[in-house]
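Just so you know, all these numbers are worked out from the coordinates, no wet-lab data involved. Quick caveat, the model's predicted, so the values are computed rather than measured. Here the Cβ is made from the backbone with ideal geometry for all residues, glycine too, and neighbour counts use every protein chain on show.
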Amino acid sequence: MAMWFIKPSLEEMQKRGENTMFSFLGIKITEVGDDYLKGTMPVDHRTKQPLGLLHGGANCVLAESIGSMAANYCVDTTKNFAVGLDINANHLRPVKDGLVTAIAKPLHMGKTTQVWEIKIENEEGKLACISRLTIAIVERKP
């Protein structure tokens, strides 16, 4: 599925996340495929909960960051922009350290909504979280 309105560069996407929660948590875009976007996030003091495990909210931030970033490059941003409408996450496996990798793929690309599946894996490639993100496509007002 050719999904990009304009296929972005890694540098452009990383710059877009500067000075946001994206950069604060150390999220990095690592790969732009024809039908997916991939990024990583460290499991460290910024992303752990008090028991020393990756915080479920950090999983949601990663999923929404990667999914929303991808969604905005799938629309004509001179006319529209994409924002999160709903997110669901199932935390399947605890992660104590290292990096987690998120892969966002579209399930639905409509005129007013998009639905994205984001799989978050640990460094061994085991599924740690599965998320579904619904995006609203909003018309830019002059």
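When segment 118-136 is filtered for residues that are part of a loop (DSSP other than H, G, I, E, B) and either buried (at least 20 other Cβ atoms within 10 Å of the Cβ) or in contact (Cβ under 8 Å) with a residue 24 or more places away in the chain (or both), the ones remaining, listed by number, are N122, E123, K126. If you go through segment 37-71 and keep only what is free of Cβ contacts under 8 Å to residues at least 24 places away in the same chain and part of a helix (DSSP H, G or I), you end up with just G57.
Among the residues of segment 1-31, just one is more than 17 Å from A71 (Cβ to Cβ), in contact (Cβ under 8 Å) with a residue 24 or more places away in the chain and part of a loop (DSSP other than H, G, I, E, B), namely L25. For T77, the conditions (1) touching a strand residue (DSSP E or B) at 6+ places or on another chain (Cβ under 7 Å); (2) under 18 Å from M3 (Cα atoms) all hold with the exception of (1).
Looking across segment 72-83, the residues that are surrounded by 15 or more Cβ atoms within 10 Å (Cβ to Cβ), in contact (Cβ under 8 Å) with a residue 60 or more places away in the chain and not aromatic (F, W, Y) come down to C74, V75, N80.
Taken together, the residues in segment 57-71 that are in contact with a strand residue (DSSP E or B) (Cβ under 6 Å, 6 or more places away or on another chain) and exposed (fewer than 13 other Cβ atoms within 10 Å of the Cβ) amount to 0. If the condition is being touching a residue at least 40 places away in the same chain (Cβ under 8 Å), under 15 Å from the mean Cα position of the chain (by Cα) and over 22 Å from R140 (Cβ atoms), then segment 91-117 contributes L99, V100, T101, A102, I103, A104, K105.
Of D86, D34, which residue is part of a strand (DSSP E or B) and surrounded by fewer than 17 Cβ atoms within 10 Å (Cβ to Cβ)?
That would be D86, the only listed residue that is part of a strand (DSSP E or B) and surrounded by fewer than 17 Cβ atoms within 10 Å (Cβ to Cβ).
Of the numbered criteria (1) basic (K, R); (2) within 20 Å of V95 (Cβ to Cβ); (3) surrounded by 14 or more Cβ atoms within 10 Å (Cβ to Cβ); (4) more than 12 Å from the chain's Cα centre (by Cα), the one R16 fails is (2).
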